[in-house]
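Each reported figure results from applying straightforward, stated rules to the coordinates on display, with no laboratory input. Bear in mind the structure is a predicted one, so any value in this text is a computation, not a measurement. When we count neighbours, we look across all protein chains shown, and the Cβ atoms used for this are built from the backbone with ideal geometry, even at glycine.
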Amino acid sequence: AMLFSYFSFLKKLKESGLNQVVVSLHSHNSEISDQITQTIGGYDKTLKGIKNIHKLNIELIRIMHTINKYNYKDLKSFIKFSKNNLKVNNITLSFIRPINKDKLSLNATPQLSNIKKYITEALNYGNKKNVNITISDTLGIPLCFLMGFEKNSLEYLNYKKIRNEISEEIMNKYKKCKSIKCKKCMFTKLCSGISKEYSKLYGFSELKPR
């Protein structure tokens, strides 16, 4: 939404037919946000852009938030900030996908076992405060880390609804993989596991069949 900080530009877009937007925001801390996006002043521009979206009565469908090593401890406070300050009740959480030989992304990728506590805290808060928090289906979190919050997982909901099974095609498309022990899990047909690059970083020991 950085370009939306220019009110006249956004107004022209609305006049051209724009009526819905999705905005990415990865922290409510300006320094962390700018560090993640590698854009000095990007946070302030994004917030101004969101203000302009509301001013022009364009529907802000949801905020996209990518969980990484720099922001995962602030998940609950980010949800609270989005609801109270940005007037947004729909948030989709993704998990960073590390890229081979890209030091920035590899260094920014936390272990899933370290974020579990904070994910649970954020989802509990969202459910109590009527904030619709969903976990991305393509950049999501395995269901063994979402005990009791399966209905927040778009992967679980979509595949249960559509075909009741994760296909090999989907696994290949999003470069996902599972361990042998995942076959014993009650959710194995509805969960695509972890990214192949994540498995190279941390292995499979964290995955616990349910």
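In deg cm²/dmol, rounded to 500, what helix-only [θ] at 222 nm does the chain give when every DSSP H run of at least 4 residues adds -39500 (n - 2.57) and the total is split over its residues?
Theoretical 222 nm ellipticity from helices: -11500 deg cm²/dmol.
I'd like the distance separating the alpha-carbon centroids of the range 46-111 and the range 167-207, in whole Å.
The two parts, judged by their Cα centres, are 24 Å apart.
Considering only Ser24, Ser113, Ser192, give the residue with the highest GNM mean-square fluctuation for the chain, with springs between Cα atoms whenever their separation is below 10 Å.
The residue with the greatest mean-square fluctuation here is Ser113.
Along the Cα→Cβ direction, 7 angstrom out, place labels at Ser77 and Glu59. What is the inter-label distance in nm?
Placing both labels 7 Å beyond Cα along the Cβ direction yields 3.3 nm.
Figure the gain on full extension for Leu157 and Lys189 (residue separation times 0.36 nm, minus the Cα-Cα span) and round it to one decimal in nm.
10.3 nm
So which trypsin sites (Lys or Arg not before Pro) in the range 67-125 pass both tests, a DSSP loop state and at most 14 other Cβ atoms within 10 Å of the Cβ?
Answer by residue number: Lys87, Lys101.
Hey, can you rank 33-39, 93-99 by average C-beta count inside 10 Å, highest first?
Put in order of decreasing packing, that is 93-99, 33-39.
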